[in-house]
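First up is the structure itself, then whatever we jot down about it.
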């Protein structure tokens, strides 16, 4: 085993458990540093988004990836979760299946919203955190580079990603519009200033919203986002007042606990005079206490409430899936061929080194027996021998490369090792 993977998505892990399993960027860094201490020499990347938590590992020879059961235990320990809760909901894969899965994820084919563009940036960020944590080595690096290349092909060669649908766009179009017919007369509150907040703001502006306030714990980030996309920054300290004034709230923070508990919401509720409120809580863990959904006049939707709308989105774009999956398969086989070819390199080097060593020894013996040969003659003989050796070695080496790219080099590798007495 060279590659291993454990992970779960919105399809396999309930939201309440996914909230507990989610990693912030800082928590991901801590987990990777811990992984490096526990499993020296292994490579790893931790991908955590609102819809998935996945751990990719790689290693060769004596530094093989840990068994997948051990990886499940590792994730459970990192987040303080009973491992028994995760064993039944996390998927485990090895080698080629890991590559195929990552390529599908990066291309948006495994997303809640088919082809959603944010996942590429999230994959890049996860890989960057691994690089900073020194857990991204040659295998992981090559696999993630290939995943990004595959995602680019899917985007450019199919129409799956061309409508630029995303979780925010589906949330607004399918849920907020179910309550409000128009947005130009509504007060919109966006909590958070990351990429999802920016995409939501951009979509709402296009849908007609004009009165938009952005809140973030870091006022500078709220100000930058608001200035860039035509909104107004607010103070996070005024969250209660902003909730009172809002008609639509979209929350996308990375907080580890609800930023709007039930008691805080009740305080703002008293000032709302029964006005309807739509809350799109797109954060994992959730930003709003789920009990708020039971308050009168409140439409509270979480990330998992988007499932039906996203299923309809997937169905409408189903015709492009075969072409996208064909690209995934082609790139997977290319990567696996390159990966298997890596295993043949030491054998090729040993084979050449053995022939060269034998050739040098035999030529030296020949030249001692023929002392009358001058330097020019000796050079001609050496070149002739090297050409002869290269021609003899060429067929088995070509066969070995061909076998590696077809996915079955092991039998030929073993035969060459036995024939030429090559050691590991």
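The values are calculated or read from the model by the stated rules, or taken from the named source; none is laboratory data. This one's a predicted model, so the numbers in the text were calculated from it and none came from an experiment. We place every Cβ from the backbone using ideal geometry, glycine too, and count neighbours over all the protein chains shown.
Overview of values
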| read-out | value |
| --- | --- |
| Check on residue 116, part of a helix (DSSP H, G or I) and out of contact with any strand residue (DSSP E or B) (no Cβ under 6 Å at 6 or more places or on another chain) | no |
| Exclusive hit being assigned to a helix (DSSP H, G or I), under 21 Å from residue 327 (Cβ atoms) and over 17 Å from the mean Cα position of the chain (by Cα), set 156, 104, 169 | 156 |
| Residue 286 within 22 Å of residue 201 (Cβ to Cβ) and not in a strand (DSSP E or B) | yes |
| Single match in 146, 121, 151 (criterion: assigned to a helix (DSSP H, G or I), surrounded by 23 or more Cβ atoms within 10 Å (Cβ to Cβ) and within 16 Å of the chain's Cα centre (by Cα)) | 151 |
| Residue match in segment 59-76 (condition: closer than 26 Å to residue 258 by Cβ, in contact (Cβ under 8 Å) with a residue 40 or more places away in the chain and out of contact with any strand residue (DSSP E or B) (no Cβ under 7 Å at 6 or more places or on another chain)) | no |
| Helices (runs of 4 or more DSSP H) within segment 310-424 that include 3 or more residues at pLDDT 80 or above, closer than 30 Å to residue 172 by Cα and touching a helix residue (DSSP H, G or I) at 6+ places or on another chain (Cβ under 9 Å) | 321-369 |
| Hits in segment 184-210 (condition: surrounded by fewer than 17 Cβ atoms within 10 Å (Cβ to Cβ) and either at positive phi or at pLDDT 95 or above (or both)) | 208 |
| Verdict on residue 104 being closer than 21 Å to residue 149 by Cα, modelled with pLDDT under 95 and buried (at least 17 other Cβ atoms within 10 Å of the Cβ) | no |
| Lone qualifier among 19, 60, 26, 43 - being over 27 Å from residue 252 (Cα atoms) and modelled with pLDDT under 95 | 60 |
| Residue check, residue 136 touching a helix residue (DSSP H, G or I) at 6+ places or on another chain (Cβ under 6 Å) and part of a loop (DSSP other than H, G, I, E, B) | yes |
| The one condition in (1) surrounded by fewer than 16 Cβ atoms within 10 Å (Cβ to Cβ); (2) under 23 Å from residue 40 (Cα atoms) that residue 135 fails to fulfil | (1) |
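A quick yes/no check of all residues on (1) within 30 Å of the chain's Cα centre (by Cα); (2) surrounded by fewer than 16 Cβ atoms within 10 Å (Cβ to Cβ); (3) more than 29 Å from residue 48 (Cβ to Cβ):
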{"residue": "234", "(1), (2), (3)": "no, no, no"}
{"residue": "237", "(1), (2), (3)": "no, yes, no"}
{"residue": "248", "(1), (2), (3)": "no, no, no"}
{"residue": "274", "(1), (2), (3)": "no, yes, yes"}
{"residue": "279", "(1), (2), (3)": "yes, no, no"}
{"residue": "287", "(1), (2), (3)": "yes, no, no"}
{"residue": "293", "(1), (2), (3)": "no, yes, no"}
